[in-house]
Structure formats: structure tokens, C-alpha cells
1. For the chain, what is the accessible area per residue in Å² when the probe is 1.4 Å?
2. Between K165 and E93, with labels modelled 7 Å along Cα→Cβ, what's the label distance in nm to one decimal, could you check?
3. If you average over every viewing direction, what projected area does the convex hull of the Cα atoms of region 12-118 give, in nm²?
4. Take the Cα of N18, step 7 Å along the line toward its Cβ, and report every residue of region 57-80 whose backbone nitrogen sits under 13 Å from that point.
5. At a Förster radius of 30 Å, what calculated FRET efficiency corresponds to the Cβ-Cβ distance of D27 and D52, to the nearest 0.05?
6. Count the lysine pairs in region 4-144 that are 8 or more places apart or on different chains: how many have C-alpha atoms under 15 angstrom apart?
7. Using a 7 Å offset from the Cα along the Cα-to-Cβ direction at both T140 and F247, what is the distance between the two label points in nm, to one decimal?
8. So, with +1 on the Cβ of K and R and -1 on the Cβ of D and E, and no other charges, what is the size of the charge dipole of region 89-171 about its Cα centre, to the nearest 20 debye?
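The values are calculated or read from the model by the stated rules, or taken from the named source; none is laboratory data. If you're wondering where the values come from, they're calculated on a predicted model, not measured in any experiment. Using ideal geometry, Cβ is built from the backbone for each residue, glycine included, and neighbour counts are taken over all protein chains shown. When the accessible area is computed, the model is the full protein with side chains, heavy atoms only, and any ligands, DNA or RNA have been set aside. Shrake-Rupley method; radii C 1.70, N 1.55, O 1.52, S 1.80 Å.
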Amino acid sequence: VNHKRQSIEEGILTKVRNEVEKLDLDDEPFIVVYGEDWHEGVIGIVASKITDRYYRPTCVISIKEGVGKGSGRSIPSFSLFDCLAEVSDDLIEFGGHQIAAGFRIEPEKIESFKKRCLDIAKSRLTAQDLIPTTTIDSETHLSEISFKSIRALNRLSPFGLGNPKPKFLIRGLTHRYPPRTIGADGNHLKLTLASNRKYIDAIAFGFGQFYEQVASAKTLDVVATPEINQWNKRELLQLHIHDIKPFN
């Protein structure tokens, strides 16, 4: 079931990305994409991934049986809820908060909704707002990452919007093995990073496009969340990478 859901998600994500790539993002600080019969259970995840990748408020709408069901995600400097409230006369209903919201809309009103949201975003967002930032909680070293330390961090859970997973800066890492791209479209990077004879596997979602810069780097600084990855009935240490700075 999980594999099927991931497959559906990847299929819709690819369609949405193809639509986004047609846009002039320099002139469009708000993304609205819609399609017929997209699985309503994954459009929120897809909206979140598009927001992460392009750093713009994003709404993904699935039209089914004559009604559009939308899910939106935003960036810290733009209240999605306030925006939806201003265009609520185009919506059947809506709810949510600043960063995430859901709504229903008649298909014939989607283009009006899209234009009005774009106008609101243009009036409120500056070019600086659209430059992604990464919040770092602390600096650490590979030697300090262990099952024990990660389990201690996990006592801070549950993690979510109000309590995000901690992110650590780790400097001066090298490649133990050459990185490789993974995923259906090679969108992600799988790395094995080393420091002072200790090494750890890492995954960088959405960084496939930076393969050449990362692979050729002599050292890397990364911002990452240490995790325990369960695979094949084994527990393995892993870094979930949020940002990478290569040095040559």
C-alpha cells in the first residue's frame, strides 16, 4: 500500500513540476496547479514538496466529480489563511492556518482564484522573501552522532510545524564513496559522508540537480537532521540533508 501511494505521489508530483516549469517564476510568487482526478490523499504532500523546491506559496487542486479540492502550503513570510480569506468569495469553503490550508472550489472559479492569489502575493512578497533560508539549531560533529544521541533528540517529539525536527550544521565532510542519484527521475542524492575515520549515509531529497557540484567537492558543509533509518529489519544511522555547501 505504501509503495502504491508513493508511486501515485511521484506521478502527480512529476505532472505538477512539469506545469511549474512552464511558469515565469520571477513574475509568479504564488503557484496554483490543477488537474483531473488527482489522488486527494497526496495533493498536500505534493504542495509541500513544490513549496520546498521553489520556495513559493503553492496550491494543488484536484478536480473530481465537478468539484475542485485544494491543498496549499506556504512560506513563513506569507499567510496562506489570510490570502484564502480575502478570496473566499471564490471558494465553497476553506480552513487552515498561516502555513497550510485546504479548500473546495468550483472548477470555473479556479482561474479567478489563481489570478487574485497571485496579485495578493505580488503586493506582499519582496524578492528577499522568496530566497529560502535554513534555520540551524546547533553545530555538531559526525563523532557526536549515535543511536543514543538521536534517541535523546527524539524525546523532543512529536515534531511538526510548531516543533520542527532539529537541524545541525556539520562542517568539513568528505566523500567516502562517490554520491549517486536515486529516484525515478534522479531527483535525489544518496551520499556516504566521512570525517576522522567515521562515516555515515545521507539522503538529500531534491538535490539531484546539483550532482556535479556535490560530487566534485573536496569538502562539504551540510545542514542535516540525524535519523535512525529502519531498513531490512536493521537500524542504520542516516543524515537527512536540508542544505549542502560544496568546497573545491
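1. Here the per-residue accessible area is 56 Å².
2. 3.3
3. For the Cα atoms of region 12-118, the hull's average projected area reads 5.9 nm².
4. Inside the label zone: nothing.
5. Plugging the Cβ-Cβ distance into 1/(1 + (r/R0)^6) gives 0.90.
6. On the way: K15/K49; K64/K109; K69/K109; K69/K114; K114/K122.
Taking region 4-144 as the scope, the lysine pair count is 5.
7. Inter-label distance under the simple model: 2.1 nm.
8. On the way: 13 positive and 11 negative charges, 90 e Å.
The calculation lands at about 440 debye.
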